[in-house]
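Asks: I have a structure here, written as structure tokens, and I will follow up with some questions on it.
The values are calculated or read from the model by the stated rules, or taken from the named source; none is laboratory data. Please read all numbers here as calculations on a predicted model, not as lab measurements. All Cβ positions, glycine included, derive from the backbone under ideal geometry; neighbour counts span all protein chains shown. All accessible areas refer to the heavy atoms of the entire protein, side chains included, with ligands and DNA or RNA removed. Shrake-Rupley method; radii C 1.70, N 1.55, O 1.52, S 1.80 Å.
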Amino acid sequence: MSVKKTTATVFKPELDNAQPLPFVSHGVSAGFPSPALDFMESRIDLNKALSEHPLATFYIRVQGDSMSGAGIEDQDLLVVDRSLEPQNHKIAVCFIDGEFTVKRIKRKKEELWLMPENPKYPPIQVTDETQLMIWGIVTYVIKAVK
């Protein structure tokens, strides 16, 4: 089995120096414009809003396109919660045979598979010889607008 070499850039949220941003609590219209400034009510701290378990939450930058079918693309920033239990069909950041990868977990009877969401990449079967640590579960994807 060959896993594409990936270097992971992991970021821990800065919780001590929170920088709350202006927050419009009403939804934004994708049709006709709405005077959003009339509804600006409060501020939001994205570290708190995106992490249910702040001490177990990390951010990691994606490299590659193996999860593009799940909406996860190259250079996206993942919010990863290490306190969540791995479950079937969840997307996880895994450390497999010494390398990081992000894949969907698939349990099939007694088998465990790490599934890409791009047909260009093969599924990875986890065997007794595989060294696997499920590092955390992806809870959010932060994207840059292109």
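Asks: Answer yes or no: is there a residue in region 62-72 that is touching a residue at least 60 places away in the same chain (Cβ under 8 Å), over 11 Å from the mean Cα position of the chain (by Cα) and part of a helix (DSSP H, G or I).
Replies: There is no residue in region 62-72 that is touching a residue at least 60 places away in the same chain (Cβ under 8 Å), over 11 Å from the mean Cα position of the chain (by Cα) and part of a helix (DSSP H, G or I).
Asks: Right, something else. Name the residues in region 80-109 that are out of contact with any Asp or Glu (no Cβ under 9 Å at 6 or more places or on another chain) and of a type in the set (Val, Ile, Thr), would you?
Replies: VAL80, VAL93, ILE96, THR101, VAL102, ILE105
Asks: Looking only at region 57-109, which residues are under 14 Å from THR130 (Cβ atoms) and of a type in the set (D, E, K, R)?
Replies: ASP97, GLU99, LYS103
Asks: With the condition being hydroxyl-bearing (Ser, Thr, Tyr), I'd like the strands (runs of 3 or more DSSP E) fully within region 78-131 carrying at least 1 qualifying residues.
Replies: Result: 99-108.
Asks: For region 91-135, what are the residues that are of a type in the set (Gly, Ala, Ser) and either modelled with pLDDT of 95 or more or open to solvent by 60 Å² or more (accessible area, probe 1.4 Å) (or both)? Talk me through it step by step, then tell me what you get.
Replies: Taking region 91-135 as the starting set, the residues that turn out to be of a type in the set (Gly, Ala, Ser) are 92, 98.
Within region 91-135, just ALA92 meets the criteria.
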